[in-house]
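Quick notes on the structure that follows.
The values are calculated or read from the model by the stated rules, or taken from the named source; none is laboratory data. Please read these numbers as outputs of a predicted model, since none were measured by experiment. Neighbour counts are summed over all protein chains in view; Cβ atoms, including those assigned to glycine, are modelled from backbone coordinates with ideal geometry.
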Amino acid sequence: MNNYTISGSPHVHSTENTRKIMYRVILALVPALLVAIYYFGWYALRLTLVTVATCMLTEWLIQKYLIKGPLTINDGSAILTGLLLAFNVPANLPIWMAIVGSVFAIGVGKMAFGGLGKNPFNPALVGRVFMLVSFPTAMTTWPQVAPIFKAGFFTDAVTGPTPLGLLKESGATSLDHMQFVDMVLGNRGGAFGEVCAIALLIGAIYLIARKVIDIATPLSILLTVFVFTGIFYLVDPTQYIAPWYHLVYGGLILGAFFMATDMVTSPMTVRGKILFGVGIGLITVVIRLWGAYPEGVSFAILIMNAFTPLINKAFKPQVFGVVKPSKK
Amino acid sequence: MSNTLLISLLVLGILGAVLAVVLYIVAQRFKVEENPLIDEAEACLPGANCGGCGFAGCRALAEACVKQAAEKGNIDGLACPGTDMGKVAAVLGLTATAFEPKIAVVRCNGSCQNSPAKVHYEGAEICAFANTLYAGKGGCSKGCLGLGDCVKKCNFGALHIDKETGLPVVDPDKCVGCGVCAKTCPRGIIEIRPRGKKDRRVYVCCSNTDKGALVIKNCSVGCIGCQKCLKECPFEAIEMRGNLAYIDPAKCKACGKCAKVCPRGAIHTVNFPAPKPQTEQPAEAPKVELEKPVTV
Amino acid sequence: MNPIKTFHKGGVHPEENKFSADQPIQDFPMPKQIIVPLGQCLGAPAECIVNKGDRVLTGQLIGTAKGFISANVHSPATGTVAKVDVVMDHTGYYKPAVFIDREENDEWAPGIIVTDELLTDIKLDSKAIIDKVKECGIVGMGGATFPTHVKLMVPEGKKAEYVIINAAECEPYLTCDYRLLLEKTQEFLIGVKILMKAVNTDKGIIGIETNKIKAIELLDKTINEHRDLYAGIEVQPLKTKYPQGGEKQIIKAITGREVPSGKLPIETGCVVVNVASTYAVYEAVQKNKPLIDRIVTVTGKSVKKPSNFRCRFGVPADLLIEAAGGLPEDITDVINGGPMMGKSVSVTSFPTMKGTSGILLMTLREAQDRRQTNCIRCGRCAKACPMGLQPFLLHKVAKLNDFDETEKNHIMDCIECGSCEFTCPANIPLLDYIRYGKAKTGAIIKARSQK
C-alpha cells in the first residue's frame, strides 16, 4: 500500500523560508562589506571573519551542549548577527574584544531567550552596546579610511574622530571641511559597515524589492530624524548641522534598514512599524544632540525593541467584518 | 568622605525602618483570618491542582471540605480522585470513608507492530486535531493516535509515549487516577478503573466497537466481539458494548480466565503471577476462524 | 468587460497549475458496483429508505434529509441494492453507505427529462423552486457542501439584493467550474435566472477570476446575444488572487460590503452560490433531475492525462485516477479537493461525492517534508490573512489551550483558507492549530449559549 502523507490543508506552500530570508539579508550586506574591505583592508576582513565565526560557534555549542535541541546553525541567523556586529565596531578593534562581544551577542542576546525568534532585542546590537560600555576607549577609537590601493592591504590604520564625535566635541563648525559627497561614499571615519551609505542603500533596495523588509520602518526613522533635526537647523544653523548630514552620519542608514527591520524584534503591522520608526528617530536625535554619546542609533533601536510587544498589542490588524465602535 | 558615607547610611537606614513600620501596620490592618484547618487539609492533598475533584485546585477542595464539615458534619461527595480522603476527614475530626484507589488504563494496543502504519502523518501534534483529519496511521478509527494529548495534560507526569509502540504508557506509581487524561482523549480510549485487589486488574485493551471484520483489517490485537470471554466469565462481569467486550470492574473478581480464551489477546491482565512454563505464550494466541460478527 | 475588482485585505498567490483547463468534460463510464455514501453534505447524514434487494432507478430517492441542515440522496444508477453498510471515506473513517449492483442501462425515475434540450422558460415560482432544490438534494459543490436550499431561504426581515455566482475557482489546479462554464454556458445562465427568481431579486453577478478570460468573454458574449433572456446578469472579472472565491471575500470584492463578524452573508443582501450548484439547480428545476453527478478534476504535476470527468456519485476515486493515466510513482499526497483547502486522503478507494471537486495527486517536490523552525515574528501570516486576524497569535494561544484568548482574538472568524500557513517561512502548521482552537472555542461558545 502507498504510504500517503496526511496533513491539514493547505497542501502547497510558498517557497519562502527563514533561511532564504536570512541569506538575502546577508547578500544585501555584501556591497557594504566590499566597500569596508576597500577602505580598511585586512582589518575589516579579519574582524568580520572573527565575529561571524565566533557567533556561529557560540550558537552551535549552546544548541549542542546546553539546549540539546535541534541544530539550526545553517539558518544563517548567526552569520547575520556576526556580520552586523562587525559592521558596528571600529575595524581596528582588538580581536579578543570582538570575540567577547560576539559570544555575548549570541549567548545573552539570543540563545538565553531560547534562540532565533524568541529574543526581545536585536542580538548584534546587544553585543555592540555591551562592548561599548565595557571597552569605551577601543570602541570609540575609529580608524580613518585609507583605500587599500593607497595604503596597502596590511597597513595599520591611522585613527581619528568620526564626524559625529567631532560634532559632539567641537560643535557644528568643525565639520565645515567635510564634503557631503565624501560622507555618502564612505570617505570618512566610523564603524566599518556604516561608512558607505550608497553601498548600504543598494542592499536595502534589494531587500525591499524582494519584500524581505517593509519600507515603513526605515522610512519613518529617516523622516523623523530629518524633520526633527531640520527644525533645530532652522532655529540655529550655527549650532546644529543640516538634517541631510544627520541622515548620512553615523549608523543611521545601517540601523534603519538592517537593524530596526529585524523581523524578530520589530512590530508586525504597518502602523506599529511607523510608530516604532518614529520612536527610534526621536530617541536617536535626542541622544545625538544632547546625550553623552555621539551616536544613539543602537540605543534607540534597543529601547524601541523593548516596546515592540506593547506596540504589537496596541496595533492589531483590523478584523474583517468588525466595525470599530468609534466609527458608528 | 566619611561624612557622605554617614549621611547615606543614615538616610537609607531611616527609610528602611519607616517602611518596615508601614509594612507591619498594613499587614496587621488588612489581615485575612483563615481557618488553619484549611492548610492542614490541603497538606493531605497532592497539590498538583489537577482539577480532577471538580474544584479549581487543591486549596479550593480543602476550603470546600472545611466548609462542608462545619456546616453538615461530613465531607461526603468531596473527593480527590488520587488521595485517601480519610486523611482529610481525620484532620477535620470526622470518621474516614472508604477509599478505592484508581488508575488510568489505556484501552488500545494498536502499536506500530500490531497495527502497521498505512499512511504518514505530518501535521500538528494534537490528537484532537488529527482525529478530525483521518482515522489513524494504522487505519483503526477508534484507536490511539499517539500524539500525546493525554501526556501533555497529565499533571503528575504519569504518562509518556513509548517510542517503540507509539502508545501512551501509564506509570502506576505516579498515576492517581484523576481522570484528566480520560477527559482529554478525543477517542475516549483511556478509562479510569479501580486498581483492584493486590493491584491486580483485568481489562479489554481495545476501544473499537466496529464489526470484527473491520477490526481485523487494521489491527492484529483488536477485540472482534466474538463473545468467548463473555461465556467464559463465571461472574457475568463482561458485557458487550457494540462489538466490544467490556469488563465491569465492580463485578470482576480478577480471575483472569477471560484473558486465556481471548483469540486476539485483547484482554490484558496486570500484576498477575507469571504464567506457568506450559502456557508461556498466552499473547501468541492461535489463529481462529473469525466468528460471525454480532450486530447490536 | 467590467473593470477588475478584488478584495484588499490579505491574500496570497499560489502557482495556478491549471493543467486540465483545456480538457473537455468526458462522461465517466460506470463500474459494476457503486457505493453511495449517505452523508454527502455538511450536517446530518441522510436516512436510508431502501433495503437490501430493492431495485432502484436512476434518480430515485434513496436517503431522506434528516434535520434542518441535511440533504436528500438519490440513486446515481439503476440496479439492485446489494447491502446497506459502511464504507471508508477519504479520511479512513467508516461512514454509512448504500451499495448498488448496477444494471447495464439506465432506467430513469419517472418525471425526469433526460434530453439535452435547453429549457429557457422558468415555470415555477420562488417557493416551488426552493422546494425543488431541496427535493433534489442540491448542496454547495465548491467543497463545503452546505445545503443550497437553506441558503436560498431568505430569513424574514432580510432582503436579497444580489445573487452572486462564485465562479472565482481560486483554488489552484481545479478546473471543473471553468469547464462547466465553457461547455454549459446557457444552462448555467438559466440557472442564475432561476436563483434570482428564487430569492426575488433582479440582479445576478457572476464573479470570475481573470485567469479564466475565455469564460468571461464567452459569458459576456452569450449575455449580449440573448439580452431578453439574461437581463440583470452581469459578469464581474476579479483579480487572480487567493482566496478570491471565499464567500466573504467575493462579496467584499463585488459589492464592497463586509459580512459582519459572526453573521451570515445575507446580512449584506447577498446570496452566494457555486457554479456547479447553479448548473444543478437548472437541471433540478427545469428537468426535474436530482443531483447525481458532478464534474471532477483529476490532476497533478506528474499525472499523465489531467482530465475533467462528469462522474456519477459513488464511483471509487481510484477508477478516476486510473482513467487519468494511473497513479504516478512519485505521488506522496492524494488530496480530495484543491491544494489550499482540500483534505488529505488516507485511502484512494473512497467514493466520489457531492463535494468531490477534484482529486489532486501531489508529488514529493510539492508536498515535501517541511521542517518546522522557530517563528521569527515576521508577521507575514497576519499580512496574508484575508480576515485581518493574527494567525501567529492564534497558533500560540491555541497551543496553550487558552480558549478565552482565542475567542477574544476572533478565532471564529477564521475561514480556514490556509493563506497564513502558505506564506509562513518557518513552516509552522498554523492552520492545524487554529482549526483545533476553533473547534474547541466553538464548543465552548455553544455550551455557553445553551446554558
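Which residues, counting only those in region C:32-68, are of a type in the set (Asp, Glu) and either buried (at least 23 other Cβ atoms within 10 Å of the Cβ) or in a loop (DSSP other than H, G, I, E, B) (or both)? Correct list: C:ASP54 only.
Of the residues making up region A:250-278, those that are in a helix (DSSP H, G or I) and closer than 17 Å to A:ALA199 by Cα are A:LEU252, A:ILE253, A:LEU254, A:GLY255, A:ALA256, A:PHE257, A:PHE258, A:MET259.
Please indicate, with yes or no, whether at least one residue in region C:96-110 is in contact (Cβ under 8 Å) with a residue 12 or more places away in the chain and under 22 Å from the mean Cα position of the chain (by Cα). Scanning region C:96-110, I find at least one residue that is in contact (Cβ under 8 Å) with a residue 12 or more places away in the chain and under 22 Å from the mean Cα position of the chain (by Cα), so the answer is yes. Provide a single number: the residues in region B:142-155 that are surrounded by 20 or more Cβ atoms within 10 Å (Cβ to Cβ) and in contact (Cβ under 8 Å) with a residue 40 or more places away in the chain. Of the residues in region B:142-155, 5 are surrounded by 20 or more Cβ atoms within 10 Å (Cβ to Cβ) and in contact (Cβ under 8 Å) with a residue 40 or more places away in the chain.
Which residues, taken from region C:409-438, are at the interface with another protein chain (Cβ under 7 Å from one of its Cβ atoms) and either charged (D, E, K, R) or part of a helix (DSSP H, G or I) (or both)? Spell out how you get there, then give the answer.
The first filter runs over region C:409-438 and keeps only residues at the interface with another protein chain (Cβ under 7 Å from one of its Cβ atoms), leaving C:410, C:413, C:418, C:421-423, C:425-427, C:429, C:431-433, C:435-436.
Matches in region C:409-438: C:ASP413, C:GLU421, C:PHE422, C:THR423, C:LEU431, C:ASP432, C:TYR433, C:ARG435, C:TYR436.
The listed residues are A:SER14, A:SER9, and the only one of them that is hydroxyl-bearing (Ser, Thr, Tyr), part of a loop (DSSP other than H, G, I, E, B), within 14 Å of chain C (Cβ to nearest Cβ) and surrounded by fewer than 24 Cβ atoms within 10 Å (Cβ to Cβ) turns out to be A:SER14.
The listed residues are A:LEU289, A:LEU302, and the only one of them that is among the aliphatic types (A, V, I, L, M), buried (at least 20 other Cβ atoms within 10 Å of the Cβ) and outside the structural domain of A:LEU84 (by TED's automatic domain parsing) turns out to be A:LEU302. The test for being under 16 Å from the mean Cα position of the chain (by Cα) and within 23 Å of C:LYS127 (Cα to Cα) holds for C:ILE165.
Of the set (1) surrounded by fewer than 10 Cβ atoms within 10 Å (Cβ to Cβ); (2) of a type in the set (D, E, K, R); (3) not in a helix (DSSP H, G or I), all apply to B:ASP76 but (1). If the condition is being within 13 Å of another protein chain (Cβ to nearest Cβ) and either under 20 Å from A:VAL195 (Cβ atoms) or among the charged types (D, E, K, R) (or both), then region A:53-80 contributes A:GLU59, A:ASP75, A:LEU80.
Conditions tested, residue by residue: (1) among the aromatic types (Phe, Trp, Tyr); (2) under 17 Å from the mean Cα position of the chain (by Cα); (3) in a loop (DSSP other than H, G, I, E, B); (4) closer than 24 Å to C:VAL87 by Cα.
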| residue | (1), (2), (3), (4) |
| --- | --- |
| B:CYS108 | no, yes, yes, yes |
| B:HIS120 | no, no, no, yes |
| B:VAL151 | no, yes, no, no |
| B:VAL169 | no, yes, no, no |
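Take C:ALA71 and decide whether it is within 30 Å of C:GLN244 (Cα to Cα), outside any strand (DSSP E or B), at pLDDT 90 or above and under 23 Å from the mean Cα position of the chain (by Cα). For C:ALA71, the condition - within 30 Å of C:GLN244 (Cα to Cα), outside any strand (DSSP E or B), at pLDDT 90 or above and under 23 Å from the mean Cα position of the chain (by Cα) - is met.
Counting only residues that are basic (Lys, Arg) and under 13 Å from B:ALA266 (Cα atoms), region B:193-249 holds 1 of them. If you check A:ALA216 against the conditions, is it at pLDDT 90 or above, over 21 Å from C:LEU389 (Cβ atoms) and not assigned by TED's automatic domain parsing to the domain that holds A:LYS118? So A:ALA216 does not fit the description; no.
Counting residues in region C:257-269 that are part of a strand (DSSP E or B) and either in contact (Cβ under 8 Å) with a residue 60 or more places away in the chain or closer than 30 Å to C:ILE62 by Cβ (or both) gives zero.
Scanning region A:216-225 for residues being crowded, with 17+ Cβ neighbours inside 10 Å and hydrophobic (A, V, I, L, M, F, W, C) gives a total of 4. Looking across region C:372-383, just one residue is under 20 Å from B:GLY123 (Cβ atoms) and crowded, with 23+ Cβ neighbours inside 10 Å, and that is C:CYS381.
Meeting the requirement of 1 or more residues that are at pLDDT below 90 and not aliphatic (A, V, I, L, M), the strands (runs of 3 or more DSSP E) wholly within region C:270-381 are C:331-336, C:358-363. When A:ARG24, A:ARG46 are checked against the criterion of being under 23 Å from the mean Cα position of the chain (by Cα), farther than 18 Å from A:LYS118 by Cα and away from chain C (no Cβ under 12 Å), a single residue qualifies: A:ARG46.
Condition check for C:ARG435 on (1) buried (at least 24 other Cβ atoms within 10 Å of the Cβ); (2) in contact with a Phe, Trp or Tyr (Cβ under 7 Å, 6 or more places away or on another chain); (3) over 28 Å from B:HIS120 (Cα atoms); (4) not small (Gly, Ala, Ser): one failure, at (3).
For the residues C:ARG294, C:ARG312, the requirement of being within 23 Å of C:LYS134 (Cα to Cα), basic (Lys, Arg) and under 15 Å from the mean Cα position of the chain (by Cα) singles out C:ARG294.
Against the list (1) aliphatic (A, V, I, L, M); (2) touching a residue at least 12 places away in the same chain (Cβ under 8 Å); (3) part of a helix (DSSP H, G or I); (4) more than 14 Å from chain C (Cβ to nearest Cβ), the condition A:ALA91 fails is (3). Scanning region B:1-56 for residues that are at pLDDT 80 or above, among the β-branched types (Val, Ile, Thr) and out of contact with any helix residue (DSSP H, G or I) (no Cβ under 6 Å at 6 or more places or on another chain) returns B:THR4, B:ILE7, B:VAL11, B:ILE14, B:VAL18, B:VAL21, B:VAL22, B:ILE25, B:VAL26.
Given the structure, is C:ARG294 surrounded by fewer than 22 Cβ atoms within 10 Å (Cβ to Cβ) and either free of Cβ contacts under 8 Å to residues at least 24 places away in the same chain or within 25 Å of B:THR132 (Cβ to Cβ) (or both)? Even if it seems obvious, please write down each step before you answer.
Values: surrounded by fewer than 22 Cβ atoms within 10 Å (Cβ to Cβ): no; either free of Cβ contacts under 8 Å to residues at least 24 places away in the same chain or within 25 Å of B:THR132 (Cβ to Cβ) (or both): yes.
Judged against the criteria, C:ARG294 is not a match.
When region B:101-139 is filtered for residues that are more than 14 Å from chain C (Cβ to nearest Cβ) and among the charged types (D, E, K, R), the ones remaining, listed by number, are B:LYS102, B:ARG107. Taking residues in region C:18-44 that are on the phi > 0 side of the Ramachandran plot, and partners anywhere that are among the small types (Gly, Ala, Ser), the pairs with Cβ atoms closer than 7 Å and at least 6 places apart or on different chains are C:GLY43/C:GLY67; C:GLY43/C:SER70.
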